[in-house]
Amino acid sequence: MGDLSELQYLSVYDNNLNGAIPFQLSSLRKVRYLDLGGNFLETPDWSKFSSMPSLTHLGLYLNELTLEFPSFILTCRNLTYLDLSLNKLSGLIPERLFTNLGKLEYLNLTENQFQGKLSPNVSKLSNLIDLRLATNKFSGPIPGDIGSMSNLQLVELFNNSFTGQIPSSLGQLKNLQHLDLRMNALNYTIPPELGLCTNLSYLALAVNQLSGGLPLSLSNLSKLNDLGLSDNFLSGEISANLIGNWTELESLQIQNNSFMGNIPPEIGLLTKLQYLFLYRNNFSGPIPSEIEKLTSLENLDLSGNQLSGTIPPTLWNLTNLLSLQLFSNNLSGTIPPEIGSMASLVAFDVNTNQLHGELPENISRLVKLNKFSVFTNNFSGSIPGDFGKFSPSLINVSFSNNSFSGELPHELCSGFALEELTVNGNNFTGSLPACLRNCSNLNRVRFDGNQFTGNITKAFGVHPRLDFIRLSGNQFVGEISPDWGECRNLSNLQLDRNRISGGIPAELGNLTRLGVLSLDSNELTGKIPTDLGKLVKLFNLNLSNNHLTGEIPKSISNLTELAYLDLSNNKLTGDVPQELGRFDKLLSLNLSHNDLSGEIPSNLGNLFVLQYMLDLSSNSLSGTIPQELGKLTSLEILNLSRNQLSGRIPASLSSMISLRSVDFSDNELT
């Protein structure tokens, strides 16, 4: 190709070319336009490249270029367009780029690994229209002379480590339309001079360390259609004068700041808004009824504020809304039937408010719904019987911590898409929906604290993604299915305080990610499976208040992460295993109310972090109290009562300085 001496235009972009760029291409003295972008080309020996005096357009973007800035480019003095983005180039930007390439109008170095300070000489690129340096490792201040680059229309410096103030000289850039400085470490306040950039349509200052209020001069930015100020330390009230002039806005994102006061009614003037994110600020007062005028709105998030009053009836007229997030406020009142008109709604979340009343029947008609969350309110009554039947995409449903009653809808999970279902802390009754068994994507499930009945033996199937399930505090019957052993992703399995019978399946030993296993307060029988010794990540094991028999298996010594072990109130026999003394992370040990015999192992004194409880009471233990227990200096409760212990109480126990309760009663101590 280097022999094509008359060639003026060469473009091979967006192919699968690889290998080093041939230096012979630099022999093409008449080439004006050279685009090798979007390939897999690698770094050549740039020193073999000669100057290309006719070259005005050079694209090397999206390749595999590494090492420093290509040196031959600095001799191509007629370049007006240079794109090296999406490579792995590193090092400093050569000063000669700014002094030699004065004709540049477009410079794109985005997504490389360039570093160091941005030279003040960047202002010598006086013809530059587009400056794109995002996603590198630049640091230090943004040069103050950037305002002298009067032709600039686009500046992208996001995702670097720039520090200091936003230069006030930016206000001199009358042609600037797009300014993106987000994801840096810029501090101080937003300069009022930005209000002079009256052609700005895109302004992004998010994820910095900016503070103070919004300058009123920003009201001059009447062409803005995208404003992002989120994740800073900005404060103060949002002036009605500001909002009123931003009538072209399509996206307003000021979340994660400290703005306060009321949301101004003038928000209703922003009729082109599609995204309104005000969440996690300190806004108070009511949601303005004028919000009904935002008929193009698709995403509304006012969560994490101090908003009060009722949800305005006009809000339910926003029929294009895809996502409505009002959670963590002080909203009151009810959800009216008008919610049924929001046919496009995908996500609805009003958790942690003071809403009350019953859910309207027509929430069942929200056919596109995939998230419905109303937990921690004062709702009551039953869930509409066909909820879920016409919403096959439901992924996340939460009714937790209300006063709901009745049965769960039988077709709640008719689409089998459910991933999270939490209904804990209500008064639900009846059995679980049969469709749960076929929801293979379940990840988190909570039914605890209700009055559910029914047989759970076959209520669940194999759920390979299930991480957390809690069925505690109900009236479930049946047995623990061996199928639980196939839910290999489980980290938390809590079936306590029910009426579950039968044995503990050995297959639970396959749950090697399990951290919590709570089966207490049921009617379980049989022996503790030795396979539970495979649960090496277990930190909480509670099998208390059952009818378990046999000895404590020696394999339990493998559970070295245990912090809480409770086997109390069973019918266990045999010795207290010596191996328990190896649990160097154990905080609480309760083996009380069994029929354990033999002596108390002296190496229990090695449980140095034992803090909350050591309870061996109501067994048939004999012998003396080991003096080694005196080493448990963090222990708060020691109960050895109702055994057959003899001898003296060791003087070493006076070292147990954290004790607040001690019981040696009903023994044969002298």
Original post:
Is it true that some residue in the stretch 436-446 is at pLDDT 95 or above, farther than 20 Å from Arg488 by Cβ and surrounded by fewer than 21 Cβ atoms within 10 Å (Cβ to Cβ)?
Top reply: no
**OP:** Scan the stretch 180-207 for residues that are under 13 Å from Glu156 (Cα atoms) and either of a type in the set (Ser, Thr, Tyr) or outside any loop (DSSP other than H, G, I, E, B) (or both) and jot them down.
**Re:** Asp180, Tyr202, Leu203, Ala204
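Take the stretch 50-74 and flag every residue that is assigned to a loop (DSSP other than H, G, I, E, B), out of contact with any Leu (no Cβ under 8 Å at 6 or more places or on another chain) and either buried (at least 21 other Cβ atoms within 10 Å of the Cβ) or free of Cβ contacts under 8 Å to residues at least 40 places away in the same chain (or both).
Step one: filter the stretch 50-74 for residues assigned to a loop (DSSP other than H, G, I, E, B), giving 50-56, 60-63, 65-70.
If we keep only those that are out of contact with any Leu (no Cβ under 8 Å at 6 or more places or on another chain) as well, we get 50-51, 53-54.
Correct list: Ser50, Ser51, Pro53.
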**OP:** Working only within the stretch 426-456, note down all residues that are among the aromatic types (Phe, Trp, Tyr) and closer than 20 Å to Asn378 by Cβ.
**Re:** Phe428
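Do we have any residue at all in the stretch 17-29 that's closer than 17 Å to Ser85 by Cβ and in a loop (DSSP other than H, G, I, E, B)? Before you say what the answer is, go through the steps one by one.
Going through the stretch 17-29, the residues closer than 17 Å to Ser85 by Cβ turn out to be 21.
With in a loop (DSSP other than H, G, I, E, B) added as a condition, the list becomes 21.
Scanning the stretch 17-29 turns up at least one residue that is closer than 17 Å to Ser85 by Cβ and in a loop (DSSP other than H, G, I, E, B).
Applying the selection to the stretch 360-370, what residues are crowded, with 19+ Cβ neighbours inside 10 Å and either assigned to a strand (DSSP E or B) or out of contact with any Asp or Glu (no Cβ under 7 Å at 6 or more places or on another chain) (or both)? If you could, list the steps in order and put the result at the bottom.
So the first thing to find is which residues in the stretch 360-370 are crowded, with 19+ Cβ neighbours inside 10 Å, and the list is 363-366, 369-370.
The answer is Ile363, Arg365, Leu366, Leu369, Asn370.
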Subject >> Yes/no for Leu249 being open to solvent by less than 20 Å² (accessible area, probe 1.4 Å), touching a residue at least 24 places away in the same chain (Cβ under 8 Å) and either assigned to a helix (DSSP H, G or I) or closer than 22 Å to Ser211 by Cβ (or both) >> reply: no
**OP:** Among residues belonging to the stretch 393-403 that are part of a loop (DSSP other than H, G, I, E, B) and in contact with a Lys or Arg (Cβ under 7 Å, 6 or more places away or on another chain), point out the one that is surrounded by the fewest Cβ atoms within 10 Å (Cβ to Cβ).
**Re:** Ser393
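Being surrounded by fewer than 17 Cβ atoms within 10 Å (Cβ to Cβ), touching a residue at least 12 places away in the same chain (Cβ under 8 Å) and farther than 20 Å from Lys88 by Cα narrows it down to one of Lys137, Lys117, Lys124, Lys174, so name that one.
Working: Lys137 fails: farther than 20 Å from Lys88 by Cα; Lys117 fails: farther than 20 Å from Lys88 by Cα; Lys124 fails: surrounded by fewer than 17 Cβ atoms within 10 Å (Cβ to Cβ).
Testing whether each residue is surrounded by fewer than 17 Cβ atoms within 10 Å (Cβ to Cβ), touching a residue at least 12 places away in the same chain (Cβ under 8 Å) and farther than 20 Å from Lys88 by Cα leaves just Lys174.
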Original post:
Does Gly357 meet the test of being modelled with pLDDT of 95 or more and exposed (fewer than 15 other Cβ atoms within 10 Å of the Cβ)?
Top reply: yes
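Within the stretch 182-208, take every residue that is of a type in the set (Val, Ile, Thr) and open to solvent by 10 Å² or more (accessible area, probe 1.4 Å) and give me the one that is farthest from Gly171 (Cα to Cα). Can you show your working first?
Of the residues in the stretch 182-208, the ones of a type in the set (Val, Ile, Thr) are 189-190, 198, 207.
From what's left, open to solvent by 10 Å² or more (accessible area, probe 1.4 Å): 189, 198, 207.
Details: Thr189: 14, Thr198: 9, Val207: 21 Å.
Checking each candidate, the answer is Val207.
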Original post:
Can you spot a residue in the stretch 271-284 that is surrounded by 15 or more Cβ atoms within 10 Å (Cβ to Cβ), at pLDDT 95 or above, closer than 28 Å to Ser403 by Cα and more than 20 Å from the chain's Cα centre (by Cα)?
Top reply: yes
Original post:
For Ile243, which of the numbered conditions (1) in contact (Cβ under 8 Å) with a residue 40 or more places away in the chain; (2) more than 26 Å from Ala185 (Cβ to Cβ); (3) surrounded by 19 or more Cβ atoms within 10 Å (Cβ to Cβ) fails to hold?
Top reply: (1)
Subject >> Answer from Ser222, Ser235, Ser161, Ser211 - the residue that is in contact with a strand residue (DSSP E or B) (Cβ under 7 Å, 6 or more places away or on another chain), farther than 26 Å from Ser284 by Cα and open to solvent by 40 Å² or more (accessible area, probe 1.4 Å) >> reply: Ser161
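Taking the stretch 579-592 on its own, how many of its residues are in a loop (DSSP other than H, G, I, E, B) and surrounded by fewer than 18 Cβ atoms within 10 Å (Cβ to Cβ)? Talk me through it step by step, then tell me what you get.
Pass one, the stretch 579-592, residues in a loop (DSSP other than H, G, I, E, B): 583-587, 591-592.
Remaining after also requiring surrounded by fewer than 18 Cβ atoms within 10 Å (Cβ to Cβ): 584-585.
The qualifying residues number 2.
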Original post:
Can you name every residue in the stretch 436-462 that is under 31 Å from the mean Cα position of the chain (by Cα) and over 21 Å from Ser373 (Cβ atoms)?
Top reply: Arg437, Asn438, Ser440, Ala459, Phe460, Gly461, Val462
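Quick grid of which residues meet (1) more than 15 Å from Leu589 (Cβ to Cβ); (2) within 46 Å of the chain's Cα centre (by Cα):
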| residue | (1), (2) |
| --- | --- |
| Thr624 | yes, no |
| Lys631 | no, yes |
| Leu635 | no, yes |
| Arg642 | yes, no |
| Leu645 | yes, no |
| Arg648 | yes, no |
| Ser654 | yes, no |
| Val662 | yes, yes |
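Between Gly340, Gly388, Gly309, which is of a type in the set (Gly, Ala, Ser) and in a loop (DSSP other than H, G, I, E, B)? Write out each step before concluding.
On the way: Gly340 fails: in a loop (DSSP other than H, G, I, E, B); Gly309 fails: in a loop (DSSP other than H, G, I, E, B).
Step by step, each of Gly340, Gly388, Gly309 is checked, and only Gly388 is of a type in the set (Gly, Ala, Ser) and in a loop (DSSP other than H, G, I, E, B).
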Subject >> Qualifying position, being closer than 30 Å to Asn522 by Cβ and among the small types (Gly, Ala, Ser), among Ser617, Ser622, Ser654 >> reply: Ser617
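The values are calculated or read from the model by the stated rules, or taken from the named source; none is laboratory data. Just so we're clear, the structure is a prediction, and the values are computed from it rather than from any experiment. For neighbour counting, all protein chains shown are included, and Cβ atoms are generated from backbone atoms with ideal geometry for every residue, glycine included. Areas reflect the complete protein model, heavy atoms only, side chains present, ligands, DNA and RNA absent. Shrake-Rupley method; radii C 1.70, N 1.55, O 1.52, S 1.80 Å.
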